[in-house]
Amino acid sequence: VTESGSVVTDFFCTDAAGTTTGILRDATDPRKVTFYLCADKTILGLQFYVISLGVTNPATALNTTTIEIEINAPARFDDFGVEVFPVFEAETRAMTSPHTALLGVTNGAKPFQVVIVEWSSKRLSQSSPFVSVSNTLTLLISGSISLATSDATSSNITLTNLKGVTAQAYPVLTVTRLSGTAWVSAGLLFCGDSSTTTNKGEWSNNALVLPVCASTTLIAGKTYQVSFAVTNPSTQQDAPLISIEASGTATFARVAVVAPDTNIAGVEQGANALNVIVPGFNMHLIGQASFFAGARNLIS
């Protein structure tokens, strides 16, 4: 509790007598809490009070609800029976909530506007399914809330289990965002190797970390495309189970990326990231139509 910007202690109590500090949660309606003014405490006129209450949000999405406030106080008398505070009652009324976005969520600052932190898009594809060649992996992502890096918090996106391929320690990234129906430059978003001019990631142990640059935000609901080069393994392999996660101003739990399941150069599901084959002939037979000397022959 603050009173005109100053912290006030032992201000509210759990009982009408005002002897036990805290708040009272209604046993019959857990959505209702009661603040009893502690003994010898006074809410002064023309003062601003801020009451901050910690709660745990539900595990499922929730649209904001109307929060109501009701105030009532009995009359107070001095030792001579003179009324010093009259009865005060205010009818129940809806509280005014902010209509501002929070972490990119529309109306996110309104109490009990709850969203699930998740990727609405998380597709990973490749440009070539053949062994030992340069391959461009392209990640398409869009989050339900924004992800940012500030002075207090660093944010990272991580791709794991990029099995078998090799890459530079700090791969150069091509980063674009979808604007209408066109892809445009997203500017400097990822600052691996403390880069200040070029988007870079950080490669380690078959994982690619995308460090979000300082004072930079991946905006909720926007679609971003991140491309980077790797070299395919020298032996054939099936597409591994690649995962994506993020941490920082928001935590995106580790989940599997989505594969496009489309063909490239006639290779079934060749667009699936790190699905790598050895190119070759499935059949290589040769025969002839005639074995007679001097006769015309057809080789097939």
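The values are calculated or read from the model by the stated rules, or taken from the named source; none is laboratory data. Since the model is a prediction, treat every value here as computed from it, not as a measurement. Cβ sites come from the backbone with ideal geometry, for glycine too, and all protein chains shown count toward neighbours. Protein only, heavy atoms only, side chains kept; ligands, DNA and RNA dropped before computing areas. Shrake-Rupley method; radii C 1.70, N 1.55, O 1.52, S 1.80 Å.
If R0 equals 41 Å, the separation of the Cβ atoms of ASP193 and GLU68 corresponds to a calculated FRET efficiency of about 0.15. The count of lysine pairs in the chain whose Cα atoms are under 29 Å apart, excluding pairs fewer than 8 places apart on the same chain, comes to 10.
Counting only heavy atoms of the protein chains, get the accessible area per residue of the chain (1.4 Å probe) and round it to a whole Å² value. If you can, show how the numbers build up before the last one.
Values: 18860 Å² over 300 residues.
Per-residue accessible area for the chain comes out at 63 Å².
Relative contact order, whole percent, for the chain stands at 16, derived from Cα pairs under 8 Å and 6 or more residues apart.
Its relative contact order, with pairs defined as Cα atoms under 8 Å and 6+ residues apart, puts the stretch 133-255 at 43 percent.
Between VAL114 and ALA169, how high is the FRET efficiency from 1/(1 + (r/R0)^6) when r is the Cβ-Cβ distance and R₀ = 35 Å? Nearest 0.05.
Working: r = 40 Å, r/R0 = 1.14.
E between VAL114 and ALA169, to the nearest 0.05, is 0.30.
Rolling a 1.4 angstrom probe over the stretch 185-300 with all protein chains present gives an accessible area of which 52% lies on carbon and sulfur atoms.
Determine, for each peptide in 106-117, 135-146, the mean count of other beta carbons within 10 angstrom over its residues, then list the peptides with the highest first. Before the final figure, lay out the partial values.
Details: 106-117: 15.5, 135-146: 20.4.
For the peptides 106-117, 135-146, the packing ranking is 135-146, 106-117.
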